[in-house]
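Data block below; observations after.
The values are calculated or read from the model by the stated rules, or taken from the named source; none is laboratory data. Values in this document were obtained by computation on a predicted structure and should not be read as measured data. Please note: Cβ atoms are built from the backbone with ideal geometry, for glycine as well, and neighbour counts cover all protein chains shown.
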Amino acid sequence: MYPEQAPHVPAQRAVEVHQPTPYPPAVPVAAPVVPVQPDTVPAVASIVLPDGRVVTGYAIDPTRPEPVAAKPAVSRTAVNVALGGGGFLAVCGGLVLLTSFIAALTAFVTQLIILAAVIFGGWIAVQILGTRGHQGGTTVNIRKAVIKRNHFHG
C-alpha cells in the first residue's frame, strides 16, 4: 500500500498539446462508364406474392470473370529442346549398346569356332593316333574265338 495516506496537492506540470495534422481525403478515380448493349434480351420473370401482388423484373445472373488464357508454365521451345536432347541421348546410348552387343556376339562366335576346331581336331587326332597302336588290324571276339584280319585263331 501507499506509505503516505495524506491527501496531496497535484503538482503543476507544463502540458504540451499536439494537434494531429489531417491528411487531405483521397479522391477516388472512377473508371469511365461505357454503356454496353447486352448480347441477348434477358427474359422477364414475374412472381406472384402471397398477398396477390405481381412483381415483374429481370433475373440477375451472377457476374462471371472473363476466362484467362492459360499460359503454359514452360515455353514450348524449351520443352522441344529438352525432348530433342533426351531423344539424342537415347539414340547415342542405343548405338553404344548395339556396338557393344555386336562386339560381344563376334567374340562369342569366335570362341565357338575355336572350341569346335579344338574338339574336331582332337577327335581326328584320336582317330589317327589310335589306329597306329594296333598294327595287327581289327579284333572281333565271336564265341571265344578271335578273328584277326581274316585269320582264324582258335
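Some observations on this one:
- Answer from T56, T21, T63, T40 - the residue that is among the polar types (S, T, N, Q), out of contact with any Asp or Glu (no Cβ under 8 Å at 6 or more places or on another chain) and modelled with pLDDT under 75: T40
- Put simply, of F101, F108 the only residue that is in a helix (DSSP H, G or I) and either under 30 Å from D39 (Cβ atoms) or under 34 Å from the mean Cα position of the chain (by Cα) (or both) is F101.
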